[in-house]
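The values are calculated or read from the model by the stated rules, or taken from the named source; none is laboratory data. For clarity, every value in this text was computed on a predicted model and none was experimentally measured. No Cβ is skipped: glycine too gets one built from the backbone with ideal geometry, and neighbour counts run over all protein chains shown. Note: accessible area is taken over every heavy atom of the protein model, side chains too, but ligands, DNA and RNA are not part of it. Shrake-Rupley method; radii C 1.70, N 1.55, O 1.52, S 1.80 Å.
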Amino acid sequence: SQADLAIDRFLEQLPFTLTNAQKRSWQEIRSDLEADRPMSRLLQGDVGSGKTVIAALAMLQCALCGAQAVLMAPTAVLSRQHYQTLCQLLEGSGFAPALLTGATPAGERKKILSDLAEGRLSIIVGTHALIEDQVCFQRLGLAITDEQHRFGVRQRRRLGSKAQLAESP
């Protein structure tokens, strides 16, 4: 399929080969993404162990299937780092991520919110700004929380609930 080819291209353009543990994690996550039930998964690893690459693969898979993916981080600095990394990893994929934090200028914020609601934006990274009421997704398929222990249960649940909100008429 086109999605499989795009994933293969993504993997080929990486400056390294996935480790066996990364391949296993990716296959498990990919299988969960293809299932018709919600996935709840914790991906653990040391700094530099490749968690962001696996997140990028999962986000790309969602985008290729017409869904949206979000990565929420606890600080603007960490959000920006993830955004920059995802921009590099997803370069040439046809899916450019957006960044939404409390510091996002009003005009840019308005365009991002509109693009999310209309489904023109597939991949977004940000802070808790992503769980504000005015943030609506057309078809949220994947919500990733980085350093999830730094968010409350309600905050994580609120991000996940954006998927149900997105699907209701």
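Structure summary
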item: Count of the stretch 64-98 residues which are touching a Cys at 6+ places or on another chain (Cβ under 9 Å) and either more than 19 Å from Asp133 (Cβ to Cβ) or open to solvent by 60 Å² or more (accessible area, probe 1.4 Å) (or both); result: 3
item: Subset of the stretch 99-122 [of a type outside the set (Lys, Arg), buried (at least 17 other Cβ atoms within 10 Å of the Cβ) and farther than 16 Å from Thr52 by Cα]; result: Leu100, Thr101, Thr104, Ile112, Leu113, Leu116, Leu121, Ser122
